[in-house]
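**Q** First the structure, then my questions, so here it is.
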């Protein structure tokens, strides 16, 4: 198998092997070699990302513009570049302002259109009404009750979690501002749901990191196997 | 200052007028009415055009900035607070606590025995002083330029009792002189009479550096009785701050001398923008601080009586430090700052706010530090004694020359200050051993057992999970792919990070395999810069046995920048967004809009990215003419599954199918045949079980230890 | 739906302005206790006294996406901290994983230095882009935490699961970490690994609790109003769904 | 002149931010697709340009480190890696004579970026286990225990044993798609509210992170 590989691939595999081992050593402690590997990675990632931004976005789009638009965009980029120096940074405010303004609008519009409205409207599906009805109609009462319990869990979880974040409180001299007692109780329920949610997501993240670790160890095993068989 | 209300940043200009109506009400967050410096121009400015004070807007070009800053300070010291004032407030508001002012007053007091006449006030003018220094050799009267700011200090010195407030109007350049040790000229001249002291022009100002050295060596220093301001508290001498900045060099003096000079002499000029001026009206900037006096330990904040800070009222009577000492309440027990830090702020602020009249609360306290750890302290070094204007270089002083001795002394001072201002070298923090050992144990176990799973793979391999347990969201993906016809275009969005390639490739390998079996045409796209490269690598490494892949017949649209905005743009017009692609040739020639795809599959680990696709792209997948909707499926990391699942659970579904993590990939591979997930499955399970054991044992051990330690504490 | 969105935006903005002016009349803060912010205040104070550096990680959220909003909160807090700590031996250091955010972080620090008349002391490297992809950002930030006398990490912005690398570096160097992100996996990570995690919406309260201005508090009160409106809607809609499910036609 | 310019710097930024933002926001609620496309087209170029500017920032930091400390090997490596990757990627794109025997951008991505990033992700597994094992000590509360319990149950359900068990699947489904789904929805809606408020503060000019 080693013979099938090009020299470049072979070198690449060795480089990859060394880098993987160096980074995995960080599991034990920070060390100089790990840092070199990390800096190499940061440099490659930045160089790659910026080159891609140039070749895939800036150049193609700018070449497609008319002259006036091109000049305008160039001016804008120059203004943005002014931010690099403290002396000229203020000149770039309009260019940065435009980006921030559009971003803010996307945040507002996107959150309302993409999250808030769909999530609120989705409340009608908490109990999966059509499935529940079908279950009851088909005589699967247990399944129907299952939908009912799950729907209740989602409803209570959504409401309690959302209520937990309630910020308003009544201030009183010499005391920590307190929320209404009812909100505090709901908040405790919300915290329970939050802990469960984070537990589930954390398990998912661990699953992802473990898969990455397994993938790297599989690679190390593969390289060792290749060289042992090649010897 | 401290954690201040973002007042200058807070009120937009369009609201500032509105806000001004609320100004009087704006107790907590400030006085909006202070926004307009013109409206609130003090009477003594408006009535006396000859005073040389003009608003910053006027004659900006002609007047050097240090003069502009000077007059700005004066113009605002009696009027509303501007932005500059807010930042000057540490100096301005220090009033008689300001040691710089005290020295200045000592300086003046020695000339006039504590009485300052209007004529003598001119002597403290900047140019006069400089010329006085020069007069040491030349013995001539200092010229006064036309645009020289003449300070009407008599307004402040209306009565002897009001002498101290006058000091706050002393330009910082005067303050700066003593701040550098120049003002303490009598330190090593015990027995020198006042007449001699009055001959300021005859005094070598640089010699005072030496004098101060002598004073610090413990030589006797004569202090004028009855002049409390001469009691310069120990520790009031600035050490590094006046020199921590490097003003621009004019060339007329050695650079360090100019630094000294500007550090002390030049005042900040007017705020750079009107907007800043407008924002300056927020007195909450000065009230609500991180290290609010209310947040401070009692021993720090005890003397901060609310009625001691009317710095904006020139006629308000001031108090000497002795008076203040007398008025100090009995000190309370000291609380360490860390304890204060964890104390609820509301509980504390509310108390103080009950005591503070609103109007006074809105005004800056004139007697406290407001920045840094000294916040709330009185009689301390000003946190920012070197407030200067850096925008323009100081004006050169003609004919000013240093003698060799002066230079030597100055060099000595510079070297002393230089060491003071040097920052301590950084230190790497050490790591506690038990934590390190625990981490090592976990790392060794995890790496060893997982690696052993590969090493022993010939003798021990887990089978894939049973397909009967496949969740409906997985089945939905499979059925959607089954419905595809040969030649259907599938948009594959490679939206994962390279670090997640292990999991996402394991999860999606079966899907891609299934797509290729259906003879679907694949089009790659990504909003991650690395996405196109990852997609290519994924296909080429894992499916190079397929001619369609190895001959690169699939299309790669590349990187779409701009985040969700870019995604929206892409979904709105795919051709325009990727105008550089060969849209008139296969395989793209059939595609006009995003609705021409038969399926959209998003591979991502990030729920935000998934949400962006749902928010920005999914609404555009419905053909407005036919009403048909292109299904969108997702292959997500296990971490994103609980967050993406609700989009599948809605009716109508926003996500038509879902595969999550290596588990989802494993299920799928039971249909399409073993692939990456199968390869990793055993080691993955070993790592999962091992982690569960470590977490369970660790948690039980920690809980038991906590319980036992709690019990033993209870017994003791 | 179009008019509904418009009305919703107008109502949100209108309520914010209403609470803004109402808040200016009030003396006391009408917000609940979030201990993490009090501890942050103490941490900042200690850092300034200690002569150590505060690291503010603004994250890698794309400004042109909803994730950019969390970075804006991070910038607000950066501004508040920079105003306090800029004249210390080691002024605060901001790291970002996005080019535009890097510019904005630099701007924020620079403006604070100018406000404090410390402009000559300002160094552009106080606002750093440590990497341009999420993982390279986290990886690039790790050595900085080890080397730059960091005594506290404030992570306010958009972080994914890679946040564990940063909190791990903080934990190894015994550095206190207060962190919040809009990203749910990131929140789960921070919940387990940060000393003071900010959960969910608490992140957006940073400005109000760190005195960034009355509008920040007004925002929270507005959010509360909409929160209960949404809760009401959710309950009604889900009950309608339940009835639909139970009542067989 | 200076005064004139200084008067208009921050307001100009604000004017651009607010006007562009409001126009963009209107495109979400009104049929202004053409306008939105124009804005987005320009904005995307700017966003990409900002990314390149970010590279200059990154370079500046590490060039400074190399200047200050000759032993800053890591920084030197970073600079070289960045420049080489940048040049190679562009050369490959715009010249037809890049030799095959030299490592190209794909090679750099495949053999450097992917393995290091994956390994970092793998190292995180150790960090997470360590953190999860200690959380009940670090933050002793009933909710920490709930967190750990949920974590363990979900992990069990993710194993081969759990996936093949009906009970395991039912429990996993209820926790993940019921309890966690409810909590996640609450958090998501809350985050959306916070996002809207933050965005509106910028659009109303209260927050000006662009130098104002």
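**Q** Out of (1) under 30 Å from residue C:10 (Cα atoms); (2) touching a residue at least 24 places away in the same chain (Cβ under 8 Å); (3) more than 11 Å from chain C (Cβ to nearest Cβ), the odd one out for residue D:86 is which?
**A** Of the numbered conditions (1) under 30 Å from residue C:10 (Cα atoms); (2) touching a residue at least 24 places away in the same chain (Cβ under 8 Å); (3) more than 11 Å from chain C (Cβ to nearest Cβ), the odd one out for residue D:86 is (1).
**Q** Whether any residue in the stretch B:520-528 is over 23 Å from residue B:637 (Cβ atoms) and buried (at least 18 other Cβ atoms within 10 Å of the Cβ) is what I want to check.
**A** Yes; the residues of the stretch B:520-528 include at least one that is over 23 Å from residue B:637 (Cβ atoms) and buried (at least 18 other Cβ atoms within 10 Å of the Cβ).
**Q** If we only count helices (runs of 4 or more DSSP H) wholly inside the stretch D:145-212, which ones have 3 or more residues that are surrounded by fewer than 22 Cβ atoms within 10 Å (Cβ to Cβ)?
**A** Hits in the stretch D:145-212: D:160-164, D:166-173.
**Q** Might you let me know whether the stretch B:630-639 holds any residue that is outside any strand (DSSP E or B), modelled with pLDDT under 90, surrounded by 24 or more Cβ atoms within 10 Å (Cβ to Cβ) and touching a helix residue (DSSP H, G or I) at 6+ places or on another chain (Cβ under 7 Å)?
**A** yes
**Q** Let me ask something else. What number of residues within the stretch B:505-544 are within 37 Å of the chain's Cα centre (by Cα) and either part of a helix (DSSP H, G or I) or outside the structural domain of residue B:603 (by TED's automatic domain parsing) (or both)?
**A** Number of matching residues: 4.
**Q** Sort through C:199, C:189, C:230 and tell me the only one that's at the interface with another protein chain (Cβ under 7 Å from one of its Cβ atoms), without any contact (Cβ under 8 Å) to a residue 12 or more places away in the chain and closer than 22 Å to residue B:643 by Cα.
**A** Residue meeting the stated conditions: C:230.
**Q** With respect to residue D:183, determine if the residue is within 7 Å of another protein chain (Cβ to nearest Cβ), under 24 Å from the mean Cα position of the chain (by Cα) and farther than 29 Å from residue C:226 by Cα.
**A** Taking the combined requirement at face value, the residue does not satisfy it.
**Q** May I pose another question? Just need a number here: residues in the stretch B:562-606 that are in contact (Cβ under 8 Å) with a residue 60 or more places away in the chain and either out of contact with any helix residue (DSSP H, G or I) (no Cβ under 9 Å at 6 or more places or on another chain) or more than 14 Å from chain C (Cβ to nearest Cβ) (or both).
**A** Qualifying residue count for the region: 13.
**Q** Right, something else. Residues A:98, A:74: which one is touching a residue at least 12 places away in the same chain (Cβ under 8 Å) and facing chain D (nearest Cβ under 8 Å)?
**A** Going through A:98, A:74 in turn, just one is touching a residue at least 12 places away in the same chain (Cβ under 8 Å) and facing chain D (nearest Cβ under 8 Å): A:98.
**Q** Further question on the same structure: Is it the case that the stretch C:139-154 has a residue that's under 18 Å from residue C:62 (Cα atoms) and at the interface with chain B (Cβ under 9 Å from one of its Cβ atoms)?
**A** no
**Q** Which condition from (1) under 21 Å from residue A:50 (Cα atoms); (2) more than 10 Å from chain B (Cβ to nearest Cβ) is the one that residue C:135 breaks?
**A** It fails just one condition, (2).
Each row is one residue, and each column tells you yes or no for (1) surrounded by fewer than 18 Cβ atoms within 10 Å (Cβ to Cβ); (2) at pLDDT below 80; (3) farther than 23 Å from residue A:100 by Cβ.
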| residue | (1), (2), (3) |
| --- | --- |
| C:12 | no, no, no |
| C:22 | yes, no, yes |
| C:37 | no, no, yes |
| C:41 | no, no, yes |
| C:68 | no, no, no |
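**Q** Within the stretch C:163-174, take every residue that is more than 7 Å from every other protein chain (Cβ to nearest Cβ) and either surrounded by fewer than 24 Cβ atoms within 10 Å (Cβ to Cβ) or under 17 Å from the mean Cα position of the chain (by Cα) (or both) and give me the one that is nearest to residue D:191 (Cα to Cα).
**A** Here the residue is C:163.
**Q** All but one of (1) closer than 24 Å to residue A:41 by Cβ; (2) facing chain A (nearest Cβ under 7 Å) hold for residue D:147, so report the exception by its number.
**A** (1)
**Q** If you take the residues of the stretch A:114-124 that are in contact with a helix residue (DSSP H, G or I) (Cβ under 6 Å, 6 or more places away or on another chain) and at pLDDT below 85, which of them is nearest to the other protein chains (Cβ to nearest Cβ)?
**A** The qualifying residue nearest to the other protein chains (Cβ to nearest Cβ) is A:114.
**Q** Determine whether residue B:473 is under 18 Å from residue B:647 (Cβ atoms) and in contact with a helix residue (DSSP H, G or I) (Cβ under 6 Å, 6 or more places away or on another chain).
**A** yes
**Q** Only one residue in A:18, A:36 is at the interface with chain D (Cβ under 8 Å from one of its Cβ atoms) and either under 29 Å from residue B:438 (Cβ atoms) or modelled with pLDDT under 85 (or both). Which one?
**A** Of A:18, A:36, the one residue that is at the interface with chain D (Cβ under 8 Å from one of its Cβ atoms) and either under 29 Å from residue B:438 (Cβ atoms) or modelled with pLDDT under 85 (or both) is A:36.
**Q** Considering each of C:76, C:88 in turn, give the residue that is farther than 24 Å from residue D:79 by Cα, facing chain B (nearest Cβ under 8 Å) and surrounded by 24 or more Cβ atoms within 10 Å (Cβ to Cβ).
**A** On inspection, the qualifying residue turns out to be C:76.
**Q** Shifting gears a bit: Name the residues in the stretch B:646-674 that are in a helix (DSSP H, G or I) and farther than 24 Å from residue B:687 by Cβ, would you?
**A** The answer is B:646, B:647, B:648, B:649, B:671, B:672.
**Q** For the stretch B:446-475, name all the residues that are assigned to a helix (DSSP H, G or I), more than 14 Å from chain A (Cβ to nearest Cβ) and surrounded by fewer than 19 Cβ atoms within 10 Å (Cβ to Cβ).
**A** Listed by number, the residues that qualify are B:467, B:468, B:469, B:475.
**Q** Return the only residue of C:157, C:140, C:99 being touching a strand residue (DSSP E or B) at 6+ places or on another chain (Cβ under 7 Å), within 18 Å of residue D:59 (Cα to Cα), assigned by TED's automatic domain parsing to the domain that holds residue C:177 and buried (at least 24 other Cβ atoms within 10 Å of the Cβ).
**A** C:99
**Q** Determine whether the stretch B:682-704 contains at least one residue that is more than 11 Å from chain D (Cβ to nearest Cβ) and either closer than 22 Å to residue B:512 by Cα or surrounded by 24 or more Cβ atoms within 10 Å (Cβ to Cβ) (or both).
**A** yes
The values are calculated or read from the model by the stated rules, or taken from the named source; none is laboratory data. What you see is a predicted model, and the numbers here were worked out from it, not measured in a lab. Every residue, glycine as well, gets a Cβ built from its backbone with ideal geometry; the counts of neighbours run over all protein chains shown.
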